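What follows draws every value from the coordinates through simple rules; no lab data is involved. Keep in mind it's a predicted model, so treat the numbers as computed, not measured. Cβ sites come from the backbone with ideal geometry, for glycine too, and all protein chains shown count toward neighbours.
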Amino acid sequence: MPATIWLIPLLPLAGALVNLFFGKRLGRYAGWLASATVGLAFAISLGAFFALIRLPEEGRELTATAYEWITSGSFHVAIEILIDPLSMTMLLVVTGVGFLIHVYSNGYMKGDPRFGRFFAYMNLFVFFMLVLVMADNYVLMYVGWEGVGLCSYLLIGFWFEKKAASHAAKKAFIVTRIGDTLMLIGLALMVFQFGSLAFGDVLTVAGVSGVSEGTMTVIAVLLFCGAIGKSAQLPLHVWLPDAMEGPTPVSALIHAATMVTAGVYLVVRSHALFSPTAMTVVAVIGLASALYGALASVGQDDIKRALAYSTMSQLGYMFFAAGLGAYSLAIALLVVHAFYKSLMFLGSGSVMHGLGGHETDMRVMGGLRKLMPATGGMFVIGAWALSGLPPMSGFFAKDPIISYANGTGHVLMWILAIAAAFFSALYISRILFLTFFGAYRGDKHPHESPKVMLIPMGVLAVGAAFGGLLTLSINGAIEHFLEPATGALHEAGEGLPEPLLIAISIVVALAGVATAWLIWGSGRVDWVALRERNLPTHEMLAHGFYVDDAYANLLVPTLLAGSRFLSSGIDSGLVDGAVNGLGRLTERTGGLMRHLQTGIVRTYALAILVGVAALLLILEVMR
Amino acid sequence: MTTPIGYYLVLSGILFSIGTVGVLVRRNALVIFMSIELQLNAVNLSLIAFSRQLGDLQGQVLAFFSMVVAAAEVVVGLAIIVAIFRRRRTANVDESNLLKG
Amino acid sequence: MSADQIVFWILAPISVASAVLMLLQRNAVHSALFLIVNFFCLSVFFLVLGSPFLFVVQIVVYAGAIMVLFLFVIMLLGVDQRESLIERLKGQRFFAIVLALAVAAEITTAVRLAAGLAKAPPAGFDAVNEGGNVRALAEVLFKDYFLPFEVTSILLIIAAIAAMVLTKRRFSAPEPEGADASVAGETEETAA
């Protein structure tokens with residue numbers, strides 16, 4: 001493997017370091033530099049892609065090792081990378097979408113006092129994400145995992161003067177930490193069972209067959225817990241809506257296209273470890289999150305929060321697919337989702353920019369497609385894709401998953417997936433209509449965004465529109481490409497015939513769009529009054545079924561009380577008390593001993609005499 | 001001679017103990033010094049008794065040296081006491097307690 | 001009862017008594033005098049134990065030189081200084097006596113265990129003193145112990161010089177009384 005492959009992660013790292021130290025001096029060139037490093041990484045990734053497909057299908061795997069990192073007895077960890085179809089796909093998504101968003105940020109973050117540092121963090125994030133997807137062992141992957149968590153924290157809290165932002169950053173870090181810790185326990189179990197954490201040792205048939213199913217299920221579920229945290233699935237999703245406090249490019253890159261998808265990547269990569277039980281867990285949580293996210297999104301007034309819940313929902317679909325065994329479908333949706341979701345986030349950023357600042361409340365938007373035609377048009381494409389209507393890419397990625405669900409015979413799951421699809425179409429159309437249609441309800445002067453922001457959006461829009469060409473329903477290019485890593489897609493045996501399933505999906509999606517049009521787009525329904533009449537329901541949806549509130553009011557006080565007990569009771573009281581007590585004891589003993597030093601010779605002489613008498617006694621007794 | 005040597009040794013011990021009491025109980029530096037001399041003499045007595053017992057003159061030689069060194073020690077010690085007395089106008093050893101902790 | 005036994009049983013109590021009395025005197029001169037008595041007794045013991053040389057040396061050096069020196073210094077420091085009877089250190093007297101008795105008892109026990117109290121000295125010691133005790137002693141001293149002998153002589157010189165240095169008054173500075181008093185006062189304060 002040519003050494004240039006190593007440049008893929010190292011270029012963004014270099015960019016991050018340069019911007020960290022010299023960002024201020026570089027001024028607006030910091031943004032150019034950052035975009036250039038990611039762009040170059042993308043170019044090299046493309047080169048690697050072409051090199052990869054030149055290899056025969058069975059051997060589509062390039063590995064390289066930099067050096068032995070950890071050697072502890074028989075446990076070895078190396079800095080090693082693996083380029084196979086799965087990681088190649090992720091590489092292209094991360095560097096490609098990352099590059100576009102970096103370009104966009106040049107416009108969006110213009111004038112920010114910490115411009116250079118923003119790009120340093122963004123490049124650092126890309127570096128860690130690349131480490132994550134290129135790693136050939138779980139340890140290195142975990143390094144990337146933690147690194148992206150760190151960068152997420154730094155970027156969410158980028159405008160740390162805002163209390164909400166710094167709180168959100170903390171929340172994100174802490175909640176994902178819960179998942180990360182469980183994942184770490186899973187890794188430890190893996191070492192215990194397999195003696196190694198390299199993919200080559202753990203994920204092969206030979207490695208897997210030596211372990212009992214129960215243990216494997218536990219390991220797989222623990223790994224999945226890390227994914228739950230990172231990908232904001234139930235019940236560790238509470239950080240994602242709050243993470244929208246960060247700048248919009250951050251939301252687009254990290255919380256739509258890349259970091260949150262790391263969980264999906266993990267599950268797909270580790271699929272050899274997932275027993276049927278573990279897979280059921282994944283599917284159930286994925287489906288539940290899909291439905292939950294869709295419903296909660298309907299109740300949000302903040303455009304970014306609505307999109308955040310949407311991301312949660314779409315990720316749920318990906319996990320649902322993975323849980324059913326359709327790994328390549330999950331990845332296909334990941335790729336397509338990266339396009340249209342980041343497009344819509346950038347679009348919302350464009351709207352915010354056009355409205356003069358940080359306006360995100362959709363209630364004071366409306367009619368913006370006339371005032372911001374380019375943004376509006378592209379947002380329509382994105383929403384169209386998400387609804388799952390042909391011919392946009394979403395249809396070709398989401399629909400196969402729902403059909404596959406039907407094919408497995410799990411009727412209830414299929415129905416719920418359909419329901420989620422209905423609500424998905426509903427919420428995204430709601431966002432579209434509230435923001436871009438009707439009359440403008442606000443009091444600002446909306447204007448279109450600069451080209452540096454619109455062009456990346458345009459590229460993403462092309463991907464959102466035509467990405468379907470690569471997926472299963474047309475020619476299965478992506479799925480076929482992924483086969484060496486994910487295993488072949490089993491044809492679903494049972495269930496309704498394919499055309500009927502497709503028809504049902506389309507009808508459901510259209511129903512969602514139509515309902516949204518009726519309520520929020522046409523002007524025929526007073527949705528404000530509708531909301532007032534159904535206030536409890538609305539509030540429940542707006543607060544995400546009060547999950548976050550439950551955590552805040554039940555879980556957090558308990559933990560804080562426990563912490564306080566440990567901190568003041570045990571740490572200050574016991575530990576410090578012991579240490580201080582030791583000091584005081586020494587002091588007091590010294591104070592007592594001090595009286596031996598009378599300064600009077602005769603007492604010293606008496607002491608000597610005592611010693612002499614004792615000594616003589618001992619010597620005599622010893623006879 | 002027919003006195004058992006043991007008697008001399010016990011006598012030496014008794015004199016030594018008396019000297020010890022003197023060192024500890026008296027406060028006059030000179031009397032303390034004299035008690036020390038008493039102790040030294042007690043030891044000399046036991047040395048010479050052992051010399052007799054063992055038939056070896058080395059005991060006497062050691063006692064001889066002990067006397068000489070004691071003389072030198074007395075000289076220096078008294079000089080020190082005189083020097084201290086010049087400062088403090090008192091020969092009370094309890095007064096020299098500057099090393100009190 | 002042979003002569004040496006009589007001598008022993010007369011002089012031993014006297015030496016013990018003089019030692020005790022030495023302790024009990026309030027006047028230092030009286031203490032010194034009792035000590036001289038003790039030294040005389042001891043010197044007779046030396047004679048009985050077969051060391052006529054040391055009998056003389058004890059009297060000449062100890063009683064004659066050292067005690068005289070003591071008396072000089074006592075006179076120098078004030079012959080009428082009387083020590084107060086009050087003991088300020090609690091328990092000092094009690095423990096001193098008890099422990100000293102213990103030590104004496106231990107020594108007695110040790111002697112009894114080791115040599116036995118009834119063992120008479122072996123005969124034949126006179127052979128050791130052949131040619132006179134002085135001559136025999138000189139043989140041992142100047143042959144085997146020559147080096148310590150020389151060193152001890154140097155020690156004596158050093159002691160003499162030390163005594164001179166330590167008691168030297170500084171006659172150069174023009175504030176003899178005032179300096180002494182202020183210095184004494186200073187040290188009184190820090191001692192307090």
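For the residue pair C:VAL140 and A:SER522, what label-to-label distance in nm results when each label sits 7 Å from Cα along the Cα-to-beta-carbon direction?
Roughly 13.7 nm, to one decimal.
Describe numerically, in nm with one decimal, the distance between label points set 7 Å from Cα along Cα→Cβ at A:HIS76 and at A:ALA529.
Here the answer is 7.5 nm between the modelled labels.
What FRET efficiency comes out for the pair A:THR4/A:ILE174, r = Cβ-Cβ distance, R0 = 56 Å, nearest 0.05?
E between A:THR4 and A:ILE174, to the nearest 0.05, is 0.90.
Testing the spin-label approximation: label points 7 Å from Cα along Cα→Cβ at A:PHE466 and A:GLU57. State their distance in nm.
Reported label-point gap for A:PHE466 and A:GLU57 is 2.6 nm.
Multiply the residue gap between C:PHE72 and C:ALA123 by 0.36 nm, knock off their C-alpha separation, and tell me the result in nm, one decimal place.
14.0 nm
Between C:VAL20 and A:LEU574, what FRET efficiency comes out of the Förster formula 1/(1 + (r/R0)^6) with R0 = 56 Å and r the beta carbon distance, rounded to 0.05?
0.35
Taking the Cα of A:VAL191, stepping 7 Å toward and past its beta carbon, and measuring to each backbone N in region A:109-150: which are under 15 Å?
In region A:109-150, the label zone of A:VAL191 (backbone N under 15 Å from the point 7 Å along Cα→Cβ) covers A:137-143.
Over the Cα atoms, compute the radius of gyration (one decimal) and Dmax (the largest Cα-Cα distance, rounded to a whole number) for region C:1-73, in Å.
For region C:1-73, the Cα radius of gyration and maximum Cα-Cα distance read 13.1, 44 Å.
For chain B, what does -39500 (n - 2.57) per DSSP helix run (n ≥ 4), summed and divided by total residues, give at 222 nm, in deg cm²/dmol to the nearest 500?
Mean residue ellipticity, 222 nm, calculated: -27500 deg cm²/dmol.
Which angle between 0 and 90 degrees, to the nearest 10, do you get for helix B:58-88 versus the longest principal axis of chain B when only C-alpha atoms count?
10 degrees
For chain A, what does the helix formula give at 222 nm: sum of -39500 (n - 2.57) over DSSP H segments with n ≥ 4, over the residue count, nearest 500 deg cm²/dmol?
For chain A, the value works out to -22500 deg cm²/dmol.
Could you give the distance between the Cα centres of region C:87-157 and region A:291-353, to the whole Å?
105 Å
With Kirkwood's inverse mean 1/r over C-alpha pairs for Rh, give me the Rg to Rh ratio of region B:7-62, two decimals please.
Here Rg/Rh amounts to 1.10.
Using Cα pairs under 8 angstrom and six or more residues apart, how large is the relative contact order of chain A, in percent?
12 percent
Roughly what percent of Cα-Cα pairs across region A:529-590 reach past 15 Å?
Of all Cα-Cα distances in region A:529-590, 70 percent exceed 15 Å.
Hey, what did chain B get for relative contact order, percent, Cα under 8 Å, at least 6 apart?
Answer for chain B is 28 percent.
State, as an integer percentage, the relative contact order of region A:39-88 based on alpha-carbon contacts under 8 Å between residues 6 or more apart.
The value is 32 percent.
Across bins of 20 angstrom width beginning at 0, how are the C-alpha pair distances of the protein assembly as shown distributed, in whole percent?
12, 30, 12, 6, 17, 18, 5, 0
Computed on alpha carbon atoms, what radius of gyration and Dmax characterise region A:1-151, expressed in Å?
According to the Cα coordinates of region A:1-151, Rg and Dmax are 16.2, 54 Å.
In whole Å, what is the distance between the alpha-carbon centres of region A:227-265 and region A:527-571?
If we compute the Cα centre of each part, the gap is 20 Å.
Work out how much length A:LEU412 to A:ALA43 would gain on full extension: take 0.36 nm times their residue separation and subtract the Cα-Cα distance, in nm to one decimal.
128.4 nm
What FRET efficiency, computed as 1/(1 + (r/R0)^6) with R0 = 22 Å and r the Cβ-Cβ distance, is obtained for A:LEU20 and A:LYS162, rounded to the nearest 0.05?
The pair A:LEU20/A:LYS162 has a calculated efficiency of 0.45.
Assuming 1.306 mPa s and 10 °C, estimate D for region A:278-391 with Stokes-Einstein, Rh taken as the Kirkwood radius over Cα pairs, in µm²/s.
Translational diffusion coefficient: 106 µm²/s.
Scanning chain A for GluC sites (Glu not before Pro) in DSSP loops with at most 11 other Cβ atoms within 10 Å, what's the longest stretch left with none?
Result, exposed sites excluded: A:162-490.
Work out from phi, with θ = phi - 60° and the Karplus expression 6.51 cos²θ - 1.76 cosθ + 1.60, the ³J(HN,Hα) of each residue of region A:549-554, listed in order in whole Hz, and give x for Gly and Pro.
Along region A:549-554, the couplings run 5, 4, 4, 5, 9, 10 Hz.
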